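This report concerns only the one structure given below.
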Amino acid sequence: MFRKMLEWRHAFSVDEKVQQWKAELEEQSTQRSVQMRRYETDVELCRDRHGVPVRLVRTSVADVQGLVREFGKDLVLIDTIMRMERTHEEIRRAMLETETVVAGQLQIIDMGDYGDYGVPNLNSRLFSSLKLAAEISQITDANYPETVRKAFIIRLGSCTSTAWRYCIQPLLPERTQHKLVPCGPKASSWEAQLGAELDLTALPAFLREDSDAAFEAAVPRGGLVPAGLAGKDQGTWRVEPAAMKKKPAGSRHNGPASKALRPFLFSSKSEMSGTACARIQLMFFGVVAFAAGALAVEPVTIL
């Protein structure tokens with residue numbers, strides 16, 4: 001496995017591509033770097049009890065298919081690899097500093113439907129990203145083993161949580177079962193276990209409480225990626241960083257929480273709500289597919 005990893009790194013030019021993309025992101029000098037940063041939903045929060053950065057993945061507000069459509073699958077893959085590289089650097093650093101084995105990173109996977117404070121078409125966005133998640137997981141599982149120590153999958157519906165516990169979890173390898181922590185829609189369902197891993201006060205409010213104010217302020221916001229955003233050449237054309245950073249007074253980050261954007265993102269109330277039965281079924285099968293495509297292999301890598 002180690003030899004194959006070295007061969008893959010050489011063939012894919014991992015070091016060169018990651019360094020180039022990292023520099024491009026930091027400089028914010030191209031359309032794709034500006035917009036990939038704007039629509040990112042994968043960020044580091046605080047540090048856990050081992051000193052490793054905690055990773056938050058807001059799947060519920062991500063538009064992976066939109067990013068692939070505008071900027072290409074290769075860029076999304078390189079962006080994922082860049083994050084994996086940093087994670088393993090941090091894990092190694094923590095082990096050398098503490099002189100103990102750190103069995104991976106702590107991750108929080110946000111699957112919640114935040115309604116007016118979220119992004120529309122949750123179910124269709126989840127299903128559209130499953131194929132890409134399965135493809136990327138084959139690469140990350142083979143080349144970045146033991147990345148995840150524990151993954152809290154939060155804000156699952158009650159029926160979905162029950163189905164996971166009794167129908168899906170028993171089918172997973174035992175080691176994988178210990179790494180996955182499915183949690184309900186309320187913060188109280190994860191605060192005790194998560195509090196054993198880190199200082200809860202270091203988390204943003206929407207991960208500690210269930211108020212509208214906390215949901216409205218939740219970041220990263222993600223959002224639907226507009227068609228044609230990349231323009232020519234998949235957004236590789238250069239922009240003026242200073243000009244791109246300026247925002248009109250009173251404007252907010254992207255996302256449907258902005259009242260000015262809601263008419264364009266939500267076509268109707270029925271599109272936002274749907275029937276409870278349909279939502280439960282779609283979320284259930286979405287979780288099943290997610291588990292089969294990205295989790296049910298050893299070692300586990302959560303995207």
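Where a number appears in this text, it was derived from the coordinates with a stated rule and is not lab data. Keep in mind the model is a prediction, meaning the values are calculated, not measured. Positions of Cβ are backbone-derived with ideal geometry, glycine not excepted, and every protein chain shown enters the neighbour counts.
Here are some notes:
- nm² value of the averaged projected area, convex hull over the Cα atoms of segment 89-149: 5.8 nm²
- One quarter of the convex hull surface built on the alpha carbon atoms of segment 22-82 amounts to 4.8 nm², the projected area averaged over directions.
- Zero-based 10 Å bins, Cα pair distances in segment 130-240, whole percents: 11, 28, 33, 21, 8, 0
- Rounded FRET efficiency, nearest 0.05, which uses the C-beta distance separating residue 169 from residue 130 and R0 of 22 Å: 0.70
- Largest to smallest principal axis extent of the C-alpha atoms in segment 25-122, angstrom: 45, 33, 20
- Cβ-based charge dipole, segment 1-44, positive-most Cα from 30, 19, 1: 1
- Taking a sphere under 11 Å around the Cβ of residue 128 and counting the other residues whose Cβ falls inside, with K and R at +1 and D and E at -1, yields a net charge of +2.
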